[in-house]
1. So how do Val38, Val19 line up by other beta-carbon neighbours within 10 Å, fewest first?
2. Report the label-to-label distance for Leu27 and Glu55 in nanometres (one decimal), using points 7 Å from each Cα along the Cα→Cβ vector.
3. So which GluC sites (Glu not before Pro) in region 34-77 pass both tests, a DSSP loop state and at most 12 other Cβ atoms within 10 Å of the Cβ?
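Quick note: the coordinates plus some simple rules give every number you see, no bench work behind them. All of these numbers come straight from a predicted model, not from anything done at the bench. Glycine gets a Cβ as well: all are built from the backbone with ideal geometry, and neighbour counts include every protein chain shown.
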Amino acid sequence: MPRGTPRTKTETVDAFPLVSSKRGKYLTLEQCDLDAQVHADLFEYVEFVRDADGEEPKVGGIVSAALERLFEADTGFPKWRENKRNRVCAEAHGANGAGQEKAKRVAEV
């Protein structure tokens, strides 16, 4: 950067946050215990985001964004979720199928 060029807030931090606290709809997590070091790091990260963005971030927004990145990075999670959904769907169809068979037998009598 040439001398005398004004710097933006993010340029003075020397790094950009990986996550943004700007989120949509929030739900409250009633009870959540964090490891003491993770708790301390989280609040330092909130300061980092504030310095980079120039706005006060929501802690829940930071946690939400971090969890989204975890869910995207964990390749086993989407496979597990798909299998779970398939099982639930199969169980629902199985119950409906059993109900339909019973209805046919009742109608035949």
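1. Numbers: Val38 9, Val19 18.
So the ranking, lowest neighbour count to highest, is Val38, Val19.
2. Output for this residue pair reads 2.4 nm.
3. Sparse-neighbourhood loop GluC sites (Glu not before Pro): Glu55.
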